[in-house]
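Chemist: Got a structure for you, questions after.
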Amino acid sequence: MTAPDRPVPHPSPLTQPFWAACRDGRLLVQRCDKCGTHVFTPQEFCRECHADALTWVESAGAGHVVTFTVVWRPQTPAFGVPYVVAVVRLDEGYEMVTNIVGSSPDAVTIGAAVRVRFTPVTDAITLPCFELVA
Amino acid sequence: MRRREVVVVGAHNTPQARVLEGQTSDSVTLAAITGALDDAGLTTADVDGLTVLPGLQYRGGADAFGYALGIPWFWTGAQVPGPAAVVEAAAAIEAGACETVVLAGGQAGVYTDRAAVAPWARPAHEFIECWGLMTPAEWAMAAQQYLHRFSVPREKIAHVAAVIRNNGSRNPEAVYFGRGPYTAEDVLASRMIADPYHLLDCATTSEGGSALVLTTAERAADLDARPVRVLGGAWDSWGPTYTHPPTYDRVAMWGRKAGDAAFAQAGISRDDVDVFEFYDNFSWEIVRYFEALRYCDVGEGADLVAGDAIEATGRYPIVTDGGTMSHSHTGESQRLQRVVQAVRQLRGESAANQVAGAEIALVAVIGEVLLLGT
Ligand SMILES: [Zn+2]
């Protein structure tokens, strides 16, 4: 039996700009036209002020690890273990779930500085993983 | 309108096992309902309300079962059967929407691909699934942050898992009866699942069903079953599950608002509780409940659970049937098991680890809180 494919996102009209930009190596986030809050995951309106005018802007892709876990029992065999699932807080003030790649899991710590590292998984989908900043 | 007092008059777990050969989610759910009604001394002819979750059929389970059981007209609850569903059903009975409600759940034959984690542990959200997140990893991240922030050594949460598993080891109805005893060191020596959770910090998986029967105190007076009173309860939410980053700051106080409401309704204090039937999906969750429910300050829960405090003979007896770690974890009906076990403790009928003279039980399942009393 071959390992199943890694599950990939199925973009909706709301999230399609995010995934399209990832494929081009750019990390987008919605920014509220009214109050300036960065909103993620993609939403129809701002969580802070409820304005419905959100504009896609480019994130610098830099942040730090809020928390993480090193996974040894994979979600499915599509994921090779160990792998690191983390919550990263971007410098713009929003948080994402992601994978920390490119280093030993032992090197990942809470508070560590990270930057985005785009990882293509299919022709259509590139995942915004993160890596430790040396 | 005079509000009616609501009591639990039936509580039943079917046999639980890793695999129940030949059973289906519907057949174990039916067995649970029959068992709970027998316990109450009632029949389906007495039932006019249902909250039912067969397998993972989250919508329409009550409608399907009510029809299949031949009940002509019935109230239906929307909550997943568990503490919140008890609160919801009690409110419906109090309001006169119905008289006697059965809450039931059960699962068999759902988890078959053992190479993957259980289907109920694999969230499909677009910004979650692609990272290989599953339930243990989701809950591990908040625990990891807690241990880091409050400089708590892992042994202190492993101790919780050892106590729960040892409760189950003594319970002849537990799937893992006789397995143990365990120490915190044993928990830490088991293989890693999702840091900081080792295998023995996590829920097991099994099959089985559970059910409760609620009715009015007035109706219960005609029955032989010893009624257990619903004293108060509520539930709270921080947002959609498995969608947003599960940080400590988001999840830590899950259940506090509900707990405050439950104690206010019951008119009792935290000190009045004799037994704590908390949902033990992961070891650190027990610490979190004690903090969220105001039994200690934030960051002090690991000290509260130390030593013998959470043993059946201690001040804060927890998860006295062995919970999801040893008794049974079926995907959803383990939520009802917490209430079933609280009822059995208050009746003095626990299969093991009976807390002497237990009069008030606190049930908590994530953000759902329920207080029951004799
Ligand atoms: Zn705004």
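Chemist: Out of A:E48, A:E58, A:E92, any idea which swings most in a Gaussian network model of chain A, alpha carbons joined below 10 Å?
Modeler: Maximum fluctuation in the GNM of chain A, among the listed residues, is at A:E48.
Chemist: For B:A91 and A:I110, FRET efficiency with R0 = 41 Å and r from the beta-carbon atoms, rounded to 0.05?
Modeler: Rounded to the nearest 0.05, the efficiency is 0.45.
Chemist: Measuring from label point to label point, each 7 Å out along Cα→Cβ, what is the B:A356 to B:R226 span in nm?
Modeler: So the two model labels end up 1.6 nm from each other.
Chemist: Between B:G49, B:G132, B:G178, where does the largest GNM mean-square fluctuation fall for chain B, given springs only between Cα atoms within less than 10 Å?
Modeler: B:G132
Chemist: Let me check against my output: what whole-number percent is the relative contact order of region B:145-247, with C-alpha pairs under 8 Å and at least 6 apart?
Modeler: 18 percent
Chemist: For region B:226-312, run through the trypsin sites (Lys or Arg not before Pro) and keep only the ones in DSSP coil with at most 15 other Cβ atoms within 10 Å of their Cβ.
Modeler: Qualifying residues, ordered by number: B:R294.
Chemist: Given the C-alpha centroids of region B:350-374 and region A:1-68, what is the distance between them in whole angstrom?
Modeler: 43 Å
Chemist: Then there is this: What angle, in degrees between 0 and 90 and rounded to the nearest 10, separates the Cα long axis of helix B:283-292 from the longest principal axis of the Cα atoms of chain B?
Modeler: 70 degrees
Chemist: Hey, rough spin-label estimate for A:T55 and A:V121, points 7 angstrom out along Cα→Cβ, what's it come to in nanometres?
Modeler: Spacing of the two 7 Å Cα→Cβ label points: 3.2 nm.
Chemist: Right, something else. Could you work out the mean count of beta carbons from other protein chains within 10 Å of each residue's beta carbon in A:62-68?
Modeler: 4
Chemist: Go through chain A and flag any cysteine with no other cysteine's C-beta closer than 4.7 Å, please.
Modeler: Here A:C22, A:C129 come out as lacking a disulfide-compatible partner, given the Cβ-Cβ threshold of under 4.7 Å.
Chemist: Now for a separate question. For the protein assembly as shown, what percent of Cα pairs sit more than 33 Å apart?
Modeler: That fraction is 41 percent.
Chemist: Here's another thing I want to ask about it. Can you tell me how region B:170-269 classifies by the Cα gyration tensor, rounded, prolate or oblate, using a/c under 1.5 as the rounded cut?
Modeler: The shape class here is oblate.
Chemist: Moving on. Tell me, B:T330, A:T67 in order of fewest to most beta-carbon neighbours within 10 Å?
Modeler: If I rank by nearby Cβ atoms, fewest first, I get A:T67, B:T330.
Chemist: What is the distance in Å between the Cα centroid of region B:167-244 and that of region B:115-133?
Modeler: Value for the Cα centre distance between the two parts: 23 Å.
Chemist: While we're here: What 222 nm value per residue comes from the helices of chain B, counting each DSSP H run with n ≥ 4 as -39,500 (n - 2.57) and dividing by all residues, nearest 500 deg cm²/dmol?
Modeler: -9500 deg cm²/dmol
Chemist: Using helices alone, I'd like the mean residue ellipticity at 222 nm for chain A: each DSSP H run of four-plus residues gives -39500 (n - 2.57), total over residue count, nearest 500.
Modeler: About -1500 deg cm²/dmol.
Chemist: Given Cα pairs under 8 Å that are at least 6 residues apart, what percent is the relative contact order of chain A?
Modeler: 23 percent
Chemist: What is the set of long-range amide H partners of B:T76 at a cut-off below 5 Å, with H atoms built 1.01 Å from backbone N?
Modeler: Answer set, sorted by chain and number: B:L50.
Chemist: Sort out the exposed loop chymotrypsin sites (Phe, Trp or Tyr not before Pro) in chain B (DSSP loop, at most 11 other Cβ within 10 Å) and tell me the longest stretch that has none.
Modeler: The answer is B:74-374.
Chemist: Still on this model: For a quick check, take a GNM of chain A with Cα springs below 10 Å and name the residue from A:H50, A:H64, A:H38 with the largest mean-square fluctuation.
Modeler: Comparing A:H50, A:H64, A:H38 in the GNM, the peak value goes to A:H50.
Chemist: Please turn the phi angles of region A:112-121 into ³J(HN,Hα) values with the Karplus equation 6.51 cos²θ - 1.76 cosθ + 1.60 (θ = phi - 60°), one per residue in order, whole Hz, x for glycine and proline.
Modeler: 4, 6, 9, 9, 5, 9, 6, 10, x, 10
Chemist: For A:V133 and B:R179, what is the calculated FRET efficiency with R₀ set at 56 Å and r taken between the beta-carbons, to the nearest 0.05?
Modeler: Rounded to the nearest 0.05, the efficiency is 0.80.
Chemist: Relative contact order (percent) for chain B, with alpha-carbon contacts under 8 angstrom and 6 or more residues of separation?
Modeler: Reported relative contact order: 25 percent.
Chemist: Something else about it: Among A:Y83, B:P240, B:I360, pick out the residue whose Cα is farthest towards the positive end of the charge dipole of the protein assembly as shown, where Lys and Arg carry +1 and Asp and Glu carry -1 on C-beta, about the Cα centre.
Modeler: Highest projection toward the positive end goes to A:Y83.
Chemist: Follow-up. Along region B:182-193, what does the Karplus equation 6.51 cos²θ - 1.76 cosθ + 1.60 (θ = phi - 60°) give for ³J(HN,Hα), rounded to whole Hz, x for Gly and Pro?
Modeler: My calculation for region B:182-193 gives 10, 10, 4, 5, 4, 4, 5, 7, 6, 5, 6, 9 Hz in order.
Every number in this text was worked out from the coordinates using simple rules, so none of it is lab data. This structure is a prediction, so every number in the text was calculated from the model and none was measured. We place every Cβ from the backbone using ideal geometry, glycine too, and count neighbours over all the protein chains shown.
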